[in-house]
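Please read the structure below before turning to the comments.
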Amino acid sequence: MNVEHEVKLLVEEIQRLGEKNGNGQTSVKFGVLFSDDRCANIFEALVGTLKAAKRRKVVSYEGELLLQGVSDNVDIILLQA
């Protein structure tokens, strides 16, 4: 799969699993995204896809590296759909 396609799929999954925050943006916790069965089947490297999406300014989150467990409560915020 190419990166652009994976980023597009990531946007769809964030919209499916996320909720609107106070700013009207869709947001989902990393732990929710990471532990979702559908996401696990779609993304070989979820963290890599998130980093690519962050570089393209499609999503925003604090920190550089997301780790299962440690980063479960980090908000992944969708900047553009």
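The values are calculated or read from the model by the stated rules, or taken from the named source; none is laboratory data. Note that the coordinates shown come from a computational prediction; the quantities given were computed from them, not determined experimentally. Cβ atoms come from the backbone with ideal geometry, glycine included; neighbour counts cover every protein chain shown. Side chains are part of the model used for accessible areas, which takes the heavy atoms of the whole protein and leaves out ligands, DNA and RNA. Shrake-Rupley method; radii C 1.70, N 1.55, O 1.52, S 1.80 Å.
In terms of the Cα gyration tensor, with a ≥ b ≥ c the square roots of its eigenvalues, is the chain rounded because a/c is under 1.5, prolate because a/b exceeds b/c, or oblate? It comes out rounded by the Cα gyration axes.
Here the relative contact order of the chain, from alpha carbon pairs under 8 Å that lie six or more residues apart, stands at 35 percent. Expressed as a whole percent, the accessible surface of the chain that belongs to carbon and sulfur atoms is 48, based on a 1.4 Å probe. Using DSSP to call loops (not H, G, I, E or B), can you name the trypsin sites (Lys or Arg not before Pro) in the chain whose Cβ has at most 13 other Cβ atoms within 10 angstrom? Those that pass, being in a loop and sparsely packed, are Arg56, Lys57.
Remark: the range 60-76, residue by residue, has Karplus-estimated 3J(HN,Hα) of 9, 7, 7, x, 9, 10, 9, 10, 4, x, 5, 9, 4, 9, 6, 7, 9 Hz, where x stands for each Gly or Pro and the curve is 6.51 cos²θ - 1.76 cosθ + 1.60 at θ = phi - 60°.
Each of Asp37 and Lys51 was given a label point 7 Å from its Cα along the Cα-to-Cβ line. The distance between the two points is 3.0 nm.
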